[in-house]
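Input: a single structure, listed below in structure tokens.
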Amino acid sequence: MTSSHRMPVAESPEVKGEWASVEPVIAAVIASILRRSKRDADVRDGVQETFRRAIEGGGRVLPNSSQTAWLIGIARHVAVDMLRAQKRHLRSIDDDAASISFEPTTSEPNAFDRLDTAERTRMIQRALEQLPEVQRRALIAFHVDGLRYEAIARECGVSMGTVATWIARGRKFIAETLSTEEGL
Amino acid sequence: MIATDDWAFFDRHLTDAAITAIADGALLRADAIDHIAECQRCATRLVASADLSIDTQVAFAEAPALAHEHARSLSPETPWALAFLGLCAAALVPVVSGLLNPASTLRIIRLVSRIGIVGIKQMAAHLDAPSQLSSLLLVFSTLALAIVGWRIASIASASNPGEVQ
Ligand SMILES: [Zn+2]
């Protein structure tokens with residue numbers, strides 16, 4: 001990790017390696033938040049800043065399967081910081097609903113953040129028990145075993161779209177269950 | 001695998017499945033990513049989906065019991081289930097024959113007990129799943145109780161001369 005600090009971000013092994021395929025996604029998120037073209041210079045700067053923070057943040061402790069989600073989260077922070085800097089500079093841009101919707105959730109914690117760890121774990125376990133078997137197995141294969149969608153699809157003999165649907169529904173159910181229980 | 005990708009778009013926006021797959025780095029198709037750059041609604045959904053993915057990942061990391069659950073869910077249950085069914089069927093043969101010939105009841109009870117004990121020992125040695133083991137114990141116990149009940153009933157009927165054997 002320390003070797004990454006001595007070289008340009010674009011030359012780091014992470015950026016040239018496993019993160020290279022994710023770069024268009026990062027650029028798209030930043031472009032959308034800044035409302036610029038993906039090829040805009042600010043967007044390119046934002047992508048480099050995202051990777052720089054990622055390298056410094058040491059998020060590589062996360063499993064490979066979670067790296068993209070983690071980078072998207074950093075990209076959102078970078079883009080919002082850039083928006084704020086622009087606003088400070090121009091002093092005349094009104095907040096709009098879109099930019100507010102991208103604000104990091106640190107000041108407005110979601111259901112997960114409001115719960116202590118032990119209680120959250122119990123709630124997730126309860127939510128998992130209520131999930132249909134295929135959704136539960138797909139979530140566990142992805143999050144616990146670190147399998148990619150393609151591998152899960154191969155193992156289960158289904159399409160990748162089906163795996164994506166299982167994981168999307170499973171996560172949505174967990175989030176809804178936590179929100180509901182937290183609101184009780 | 002993602003050649004048709006009709007699951008990625010619906011009503012000119014990305015589906016929840018596609019958003020989830022992009023957040024997890026599983027869908028990198030150009031038109032889907034271009035849409036993120038151009039559609040704030042889908043970009044917002046993608047950021048939320050990425051948050052949810054990380055939150056779920058963290059929750060799993062903090063719950064070792066869920067990893068154990070994983071081991072159970074992916075264990076090769078089917079061969080053992082089939083072996084168990086075979087064992088049950090083998091145990092039922094002498095029971096049925098015993099019904100036709102009550103004189104051999106004691107021998108049947110011994111035989112079934114042996115099968116049960118050997119079966120439980122063998123399966124316990126190969127299975128680490130508590131639910132499977134408890135299922136086996138439950139079925140064997142039920143079988144044993146049924147035999148004991150039948151034995152009591154046959155003794156009672158033998159002691160009642162008015163009842164047909
Ligand atoms: Zn859209």
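Inside region B:15-34, can you point out the residues that are within 14 Å of A:A27 (Cβ to Cβ) and either within 7 Å of another protein chain (Cβ to nearest Cβ) or open to solvent by 30 Å² or more (accessible area, probe 1.4 Å) (or both)?
B:I22, B:L28, B:A30, B:I33, B:D34
What number of residues within region A:122-135 satisfy the criterion of being at the interface with chain B (Cβ under 7 Å from one of its Cβ atoms) and open to solvent by 20 Å² or more (accessible area, probe 1.4 Å)?
Selection size over region A:122-135: 1.
Could you look through region B:40-53, keep only residues that are at the interface with chain A (Cβ under 7 Å from one of its Cβ atoms) and not hydroxyl-bearing (S, T, Y), and pick out the one that is farthest from A:I33 (Cα to Cα)?
Among those that are at the interface with chain A (Cβ under 7 Å from one of its Cβ atoms) and not hydroxyl-bearing (S, T, Y), it is B:L52.
Answer yes or no: is there a residue in region A:46-57 that is within 11 Å of chain B (Cβ to nearest Cβ) and either assigned to a helix (DSSP H, G or I) or modelled with pLDDT of 95 or more (or both).
no
Conditions first: (1) among the charged types (D, E, K, R); (2) on the phi < 0 side of the Ramachandran plot; (3) within 12 Å of chain B (Cβ to nearest Cβ). A:R35 passes all but one, so which condition is the exception?
(2)
Could you please find all residues in region B:4-55 being within 10 Å of the ligand (Cβ to nearest atom), in contact with a helix residue (DSSP H, G or I) (Cβ under 8 Å, 6 or more places away or on another chain) and among the charged types (D, E, K, R)?
Across region B:4-55, the qualifying residues are B:E38, B:R45.
Please specify each residue of region A:139-156 satisfying the condition of being part of a helix (DSSP H, G or I) and farther than 10 Å from B:F60 by Cβ.
Listed by number, the residues that qualify are A:A141, A:Y149, A:E150, A:A151, A:I152, A:A153, A:R154, A:E155, A:C156.
Which count do you get for residues in region B:39-60 that are at pLDDT below 95 and among the charged types (D, E, K, R)?
2
Can you pull out the residues in region A:72-114 that are at the interface with chain B (Cβ under 8 Å from one of its Cβ atoms) and at pLDDT 90 or above?
Residues satisfying the conditions are A:I72, A:G73, A:R76.
Please go through region B:2-30 and give me each residue that is modelled with pLDDT of 95 or more and of a type in the set (D, E), ordered by number.
Those that are modelled with pLDDT of 95 or more and of a type in the set (D, E): B:D16, B:D24.
The values are calculated or read from the model by the stated rules, or taken from the named source; none is laboratory data. Nothing here was measured: the structure is a model prediction, and the numbers come from that model. Note: ideal-geometry Cβ built from the backbone for every residue, glycine included; neighbour counts use all protein chains shown. With ligands, DNA and RNA removed, areas are computed over all heavy atoms of the protein, side chains included. Shrake-Rupley method; radii C 1.70, N 1.55, O 1.52, S 1.80 Å.
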